[in-house]
Amino acid sequence: MKEILEILEKDARTTPQEIAKVTKKKVDAVKKAIKKFEKDGVILKYKTIINKEMVRDESRAVRALIEVRIVPQRGHGFDQIAERIYRFPEVVSSYLLSGTYDLLLVVEGRDIQAVSRFVSEKLSTLDNVRGTVTHFLLKKYKEDGDILKRAERDKRIAISF
Amino acid sequence: MRISKKVKNMPPSGIREFFELVIGMKDVISLGVGEPDFVTPWNICESGIFSIEKGCTSYTSNKGLYELRLQVSKFIKNKHGIGYDPENQILITTGVSEALDLVFRAILNPGDKVLISDPCYVSYHPVTFMAGGKTVFVNTKGTGFKLTPSLLKKSLSKGVKAVLLNYPANPTGVSYSKKELLELSRIFIKHDLVVISDEIYDELTYDFSHTPISGLKGMKERTVYLNGFSKAFAMTGWRVGYACGPEDIISAMTKIHQYTMLCSPVMGQIGAIEALRGSRHYLLEMKREYKRRREYIVERLDEMGLVCPKPDGAFYVFPSIKNTGMNSIEFAKKLLTQEKVAVVPGTAFGSQGKGHVRMAYASSMPDLKEACVRIERFLKKNTNLAVTATE
């Protein structure tokens, strides 16, 4: 049933009928498996990957990666303060890392000022945040395994043996 | 009279006109391509680029880079348990195509006969002919395009020196189980035949594991095992293949190779080393994708009423189009002009390919789906088929 995930991860619009066809399973079995994946949270949701360079969303025009050093809390470690931070809608992604800092955030905002304001007013002022380093993102090349440009045309000759 | 008699007498490709038609047409979905739609895995491309940066731009040893021969030797040993000495039993060639040419020139005397199944890959007969050999075609239409012991026995006549095997096969996708190969091998041994085994599609075997015939008892000393990187690693344009076999034949092949090709392109050889050393994760992913496409296209063709046995390997289906009432060239031409889908008429692969077309499923799933919609529409419009099909 893992193959179903491989297929859906490539193209979320593949129908259960089509999946059944290529995996030699019954349509009902495929539907049931997908339902279970959804219920168990293996499949969280179905999204479309948009090349944001081409459709600018004014409210999210600027993106920054922010390194955050935090003081862990007794009994909660990093989780509680991390939640305090990732619940801000400006935070698009949040990771706890090993190394010289603790959290890596991806933050989006209307402009540099908006992101700066978020950092200086919301993030840095939290009690357990010891310091931040903000990197503004200049260009995206690849995200989550997808290269952000249109696939090149088939370069093969139209007929060969 | 500038052109040699030999070339003049070379069998022409009967469907050149059809090819010109395909190449001249825009926005065609082509199921006529005999190579993977994947690009070469990046680790291999990157090693090729790095080799150029380092200045590896010269000839290599005629036999090929020792490191590559060593890796090939280890690869075959690990995978199939067959030992080939990288010093004198492996030759790196410019694709399997060159290896085929070399092996025929190395072993054939004028008039020596070679058994080849019909239909088969397009170059087998011409290279035999160019090497002075005579092709004895074995009609495999009645046996599901497979050589069988009884077919073989019938075709064996005086002067047959070699037999050419190709499995999984282009254009039919047919392959052989170990048991079937064992039966065939007994006849090869009994009649002291040289076996040339083109196993370029071996990695793309979907339902059972591939057995190289050279691994069977009594076969290694009479088999020239041909393989390469084009299909499994999506490296068609790199032109790297290899021949493994008995020392005398490999040495004879090397003799010709050193005067004609010198060596396979060095960047390609370096890329091939990376292919064998690097992760095979991507390879398995490609294989799973091909397998899904195979299931899809076989079932869709079946729904449309085209008889299409499920191929064991490679990335071709070879459905019968007999019940459309069209011959294979007519079918291919009409499908191309009406629906802009290109397939290869079966007759390109020999006279027994008539009534069939070759469709490659080395195309993206969306293209494959669209091609099937078009083929179905085409059948509805031109034949009594596909009327009840639903999708």
In a Gaussian network model of chain A with springs linking alpha carbons closer than 10 Å, the residue among A:V92, A:V42, A:V68 that fluctuates most is A:V42
Positive minus negative residues near B:V138 (Lys, Arg vs Asp, Glu; Cβ under 11 Å) | +3
Taking amide H positions as placed 1.01 Å from N in the peptide plane, with prolines and chain starts having none, which residues 5 or more places from B:T93, or on another chain, fall under 5 Å of its amide H?
-> B:G241, B:Y242, B:A243
Which of B:V307, B:V341, B:V195 fluctuates most in a GNM of chain B (C-alpha springs under 10 Å)? That residue is B:V307
Largest-first semi-axes in Å of the equivalent ellipsoid built from the Cα gyration tensor of chain B are 34, 26, 21
Cα gyration tensor shape for the stretch A:62-139, rounded if a/c is under 1.5, else prolate or oblate = prolate
Take the Cα of A:R69, step 7 Å along the line toward its Cβ, and report every residue of the stretch A:126-143 whose backbone nitrogen sits under 15 Å from that point.
-> A:128-134
In whole Hz, what ³J(HN,Hα) sequence does the stretch B:307-316 give by Karplus (6.51, -1.76, 1.60; θ = phi - 60°), x for Gly and Pro?
-> 7, 9, x, 6, x, 7, x, 6, 10, 10
Regression test value, accessible area per residue of the protein assembly as shown, probe 1.4 Å, units Å², expected 51
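Which of rounded, prolate, oblate describes the stretch B:204-334, given a ≥ b ≥ c as roots of the alpha-carbon gyration tensor eigenvalues and a/c under 1.5 marking rounded, otherwise prolate only if a/b is larger than b/c? Present the calculation step by step, with values, prior to reporting the outcome.
Details: a/c = 1.98, a/b = 1.78, b/c = 1.11.
Prolate, since a/c reaches 1.5 and a/b exceeds b/c.
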Counting partner chain Cβ atoms within 10 Å of every residue's Cβ in B:288-297, what's the average?
-> 4
Per-residue HN-Hα couplings for the stretch A:100-110, Karplus 6.51 cos²θ - 1.76 cosθ + 1.60 at θ = phi - 60°, whole Hz, x for Gly and Pro?
-> 6, 9, 9, 10, 10, 10, 10, 10, 10, x, 4
Given +1 on the Cβ of Lys and Arg, -1 on the Cβ of Asp and Glu, and no further charges, what dipole in debye does the stretch B:239-337 carry about its Cα centre, rounded to the nearest 20?
-> 220
Going through the DSSP H helices of chain B, which span 15 Å or more along their own axis at the Cα atoms while scoring at least -1.0 as a mean Kyte-Doolittle hydropathy?
-> B:42-53, B:66-80, B:95-107, B:178-190, B:247-260, B:266-277, B:328-339, B:365-382
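In terms of the Cα gyration tensor, with a ≥ b ≥ c the square roots of its eigenvalues, is chain A rounded because a/c is under 1.5, prolate because a/b exceeds b/c, or oblate? Present the calculation step by step, with values, prior to reporting the outcome.
Working: a/c = 2.83, a/b = 1.63, b/c = 1.74.
Note, shape of chain A comes out oblate.
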Taking every residue of B:31-38, the Cβ atoms of other protein chains inside 10 Å of its Cβ average out to 3
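Take the residue pairs B:K231/B:K381; B:K26/B:K369; B:K334/B:K354 and return only those whose Cα atoms are more than 27 Å apart. Provide the component values of the computation, followed by the final result.
On the way: B:K231/B:K381 36 Å; B:K26/B:K369 19 Å; B:K334/B:K354 16 Å.
With Cα atoms farther than 27 Å apart: B:K231/B:K381.
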Take the Cβ-Cβ distance between B:K380 and B:N139 as r, set R0 to 22 Å, and report the resulting FRET efficiency rounded to the nearest 0.05.
-> 0.10
Take the alpha carbon atoms of the stretch A:68-131, find their center, do the same for the stretch B:65-137, and report the distance between the two centers in whole angstrom.
-> 63
Vicinal HN-Hα couplings computed from phi for the stretch B:341-348 (Karplus, 6.51 cos²θ - 1.76 cosθ + 1.60; Hz; Gly/Pro x) = 10, 9, 10, 9, x, x, 5, 4
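For peptide A:148-161, what's the mean number of Cβ atoms from other chains within 10 Å of each residue's Cβ? Intermediate results must be reported in sequence, preceding the final value.
Details: counts 0, 0, 0, 1, 1, 0, 7, 2, 11, 8, 12, 19, 10, 14.
Mean partner shielding for this stretch: 6.
The values are calculated or read from the model by the stated rules, or taken from the named source; none is laboratory data. Computed from a prediction, not measured in an experiment: that's the story for all the values here. Note that we place each Cβ from the backbone using ideal geometry, even for glycine, and neighbour counts take in every protein chain shown. These accessible areas exclude ligands, DNA and RNA; they are computed on the full protein's heavy atoms, side chains included. Shrake-Rupley method; radii C 1.70, N 1.55, O 1.52, S 1.80 Å.
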